[in-house]
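See below for the structure under consideration.
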Amino acid sequence: MMLPGFPDAAPLEGFAGGVLIGLAAALMLLGLGRIAGVSGIAGRAFAINSSSLPKSSAWAFLVGLPVGALLIGFSAGIERPEFASWPVILAAGIIVGFGTRMGSGCTSGHGVCGLSRLSQRSIVATLTFIATGVATVFVMGALA
């Protein structure tokens, strides 16, 4: 089923991805006692903050994110994925990094793990993420 305005959107694949993200978050919480917030895991991998999670586990999680996405893409018949230019990726990474530090976490930590624990801070952060995303789509649509 195609969504209006999103010709490539596939709800079944989105649902499956959401289930896998939830499963990974639950396994990390139950298995390691850690929240699966990607910004926190990246901080541990680069030793920005101390943690009981070994660096090797943090790096395995981080490497698995793009490798898993590429494997799914290849299995779906996407031969060469398209990415933004390196300057855009670098700028986006800096902006996201600043936002995750300012918000004490990222969408995975707050939106997936925090909401499931009914964390008030995560509810506010997730509502802020969503409102910002809606505003960005609105502005970009007006400019296009």
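Return the only residue of Gly73, Gly97, Gly114, Gly68 being under 26 Å from Leu27 (Cα atoms) and in contact with a helix residue (DSSP H, G or I) (Cβ under 7 Å, 6 or more places away or on another chain). Let's see the steps before the verdict.
Working: Gly73 fails: in contact with a helix residue (DSSP H, G or I) (Cβ under 7 Å, 6 or more places away or on another chain); Gly97 fails: in contact with a helix residue (DSSP H, G or I) (Cβ under 7 Å, 6 or more places away or on another chain); Gly68 fails: in contact with a helix residue (DSSP H, G or I) (Cβ under 7 Å, 6 or more places away or on another chain).
Going through Gly73, Gly97, Gly114, Gly68 in turn, just one is under 26 Å from Leu27 (Cα atoms) and in contact with a helix residue (DSSP H, G or I) (Cβ under 7 Å, 6 or more places away or on another chain): Gly114.
Exactly one of these conditions fails for Ser119: (1) of a type in the set (S, T, N, Q); (2) surrounded by fewer than 12 Cβ atoms within 10 Å (Cβ to Cβ); (3) modelled with pLDDT of 85 or more. Give me its number.
For Ser119, the failing item is (2).
Considering only the range 63-109, state which residues are at pLDDT below 85, exposed (fewer than 11 other Cβ atoms within 10 Å of the Cβ) and of a type in the set (Ser, Thr, Tyr).
Ser75
The values are calculated or read from the model by the stated rules, or taken from the named source; none is laboratory data. Treat the numbers as computed from the prediction; the structure is a model and nothing was measured. Ideal geometry is used to build each Cβ from the backbone, glycine not excepted, and the neighbour counts take in all protein chains shown.
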